[in-house]
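Peer 1: Following this message is one structure expressed as structure tokens.
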Amino acid sequence: MDAFVYIEEGVIIGDRVKIRAFTFIPTGVLIEDDVFIGPHVTFINDKYPRVGREWKLLKTIVKKGASIGAGSVILPVTIGKNSLIGAGSVVTKDIPDKVLAQGNPAKIIRRL
Ligand SMILES: CC(C)(COP(=O)(O)OP(=O)(O)OC[C@H]1O[C@@H](n2cnc3c(N)ncnc32)[C@H](O)[C@@H]1OP(=O)(O)O)[C@@H](O)C(=O)NCCC(=O)NCCS
């Protein structure tokens with residue numbers, strides 16, 4: 001894991017995971033084995049953030065072998081096994097296994 005990766009309490013990270021610099025991983029994120037997370041990736045666990053109010057913790061799963069491109073923003077979703085998220089994407093919906101998805105909002109471009 002590179003420097004300046006911020007990981008909050010309760011995050012689970014599998015084996016052989018590579019996390020590049022300046023990535024933010026809050027509580028509620030589960031990262032399975034063999035995942036690559038590029039630099040400056042931001043995960044989100046609260047869809048309606050407000051100061052000083054109750055909030056709902058939302059969960060994200062990144063499945064085995066998936067890769068997330070640099071600078072992507074990952075809303076609370078599941079990213080499927082061996083899928084690839086293009087750089088600079090905003091992922092708002094679940095991504096199935098073994099696809100390339102990219103853009104804002106991220107769309108499936110093709111199967112891998
Ligand atoms: C998404 C990705 C895999 C596509 O690679 P590719 O299949 O070789 O695609 P190309 O470079 O041939 O581009 C194909 C089209 O997709 C567009 N495109 C490429 N990457 C894109 C991205 N991240 N988001 C949106 N569009 C993208 C290109 O502009 C091009 O558009 P066009 O057809 O209108 O000309 C790659 O660009 C990418 O973002 N990889 C992640 C890399 C990364 O973050 N690594 C981290 C380590 S530093």
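The values are calculated or read from the model by the stated rules, or taken from the named source; none is laboratory data. Treat the numbers as computed from the prediction; the structure is a model and nothing was measured. Backbone-built Cβ (ideal geometry, glycine too); neighbour counts: all protein chains shown. Heads up: the accessible areas ignore ligands, DNA and RNA and are worked out on the full protein's heavy atoms, side chains in. Shrake-Rupley method; radii C 1.70, N 1.55, O 1.52, S 1.80 Å.
Peer 1: Please determine whether any residue of the range 34-43 is of a type in the set (D, E), without any contact (Cβ under 8 Å) to a residue 40 or more places away in the chain and surrounded by fewer than 16 Cβ atoms within 10 Å (Cβ to Cβ).
Peer 2: The answer is no; no qualifying residue exists.
Peer 1: Name the residues in the range 54-109 that are among the polar types (S, T, N, Q) and within 12 Å of the ligand (Cβ to nearest atom), would you?
Peer 2: Those that are among the polar types (S, T, N, Q) and within 12 Å of the ligand (Cβ to nearest atom): S67, S72, S83, S89, Q102, N104.
Peer 1: Among (1) open to solvent by 30 Å² or more (accessible area, probe 1.4 Å); (2) more than 10 Å from the ligand (Cβ to nearest atom); (3) touching a residue at least 40 places away in the same chain (Cβ under 8 Å), which single condition is R20 missing?
Peer 2: Tallying (1) open to solvent by 30 Å² or more (accessible area, probe 1.4 Å); (2) more than 10 Å from the ligand (Cβ to nearest atom); (3) touching a residue at least 40 places away in the same chain (Cβ under 8 Å), R20 fails exactly one: (2).
Peer 1: Inside the range 66-87, can you point out the residues that are open to solvent by less than 20 Å² (accessible area, probe 1.4 Å) and of a type outside the set (S, T, N, Q)?
Peer 2: A66, I68, G69, I74, V77, I79, G80, I85, G86
Peer 1: More than 9 Å from the ligand (Cβ to nearest atom) and out of contact with any helix residue (DSSP H, G or I) (no Cβ under 8 Å at 6 or more places or on another chain): does that describe L112?
Peer 2: yes
Peer 1: Okay, next question. Within the range 13-106, which strands (runs of 3 or more DSSP E) (wholly inside it) include 3 or more residues that are under 11 Å from the mean Cα position of the chain (by Cα)?
Peer 2: Answer list for the range 13-106: 29-31, 60-62.
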